[in-house]
Amino acid sequence: QELMDAQTKPSAPRLPRFERHVRPCLAELLGTALFIFTGCLAALEEPGGTGRLQPALAHGLALAATVAVLGDI
């Protein structure tokens with residue numbers, strides 16, 4: 001009996017449904033909304049000369065800000 005107990009590995013505790021499903025989906029939704037919002041705002045006003053650079057910089061700066069703020073999580 002003791003030998004069998006020593007050989008079985010303890011199973012990892014099962015995370016609640018919120019931690020497994022809802023939280024990752026909310027994070028994906030918020031991240032996607034942020035990038036769509038910044039991309040649309042960057043493309044709305046097209047001053048002459050920036051072309052494709054303005055939306056690219058907007059997405060890059062949004063990503064950099066997100067990593068700087070949420071990088072420790």
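The values are calculated or read from the model by the stated rules, or taken from the named source; none is laboratory data. Values in this document were obtained by computation on a predicted structure and should not be read as measured data. Neighbour counts run over all protein chains shown; Cβ positions are idealised from the backbone, glycine included.
For (1) aliphatic (A, V, I, L, M); (2) at pLDDT below 80; (3) surrounded by 11 or more Cβ atoms within 10 Å (Cβ to Cβ), each residue gets a yes or a no:
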site: ALA12; (1), (2), (3): yes, yes, no
site: PHE18; (1), (2), (3): no, yes, no
site: ARG23; (1), (2), (3): no, no, yes
site: GLU46; (1), (2), (3): no, yes, yes
site: ALA58; (1), (2), (3): yes, no, yes
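Looking at ALA27, ALA64, ALA42, ALA6, which one is at pLDDT 85 or above and not hydroxyl-bearing (Ser, Thr, Tyr)? Talk me through it step by step, then tell me what you get.
On the way: ALA27 fails: at pLDDT 85 or above; ALA42 fails: at pLDDT 85 or above; ALA6 fails: at pLDDT 85 or above.
Unique residue meeting the criteria: ALA64.
Mind checking which pairs have a first residue in the stretch 20-42 that is under 18 Å from LEU57 (Cβ atoms) and a second that is modelled with pLDDT of 85 or more and exposed (fewer than 12 other Cβ atoms within 10 Å of the Cβ), Cβ under 7 Å, 6 or more apart or different chains?
none
Does LEU29 satisfy being assigned to a loop (DSSP other than H, G, I, E, B) and aliphatic (A, V, I, L, M)? Reasoning before the result, please.
Working: assigned to a loop (DSSP other than H, G, I, E, B): no; aliphatic (A, V, I, L, M): yes.
So LEU29 does not fit the description; no.
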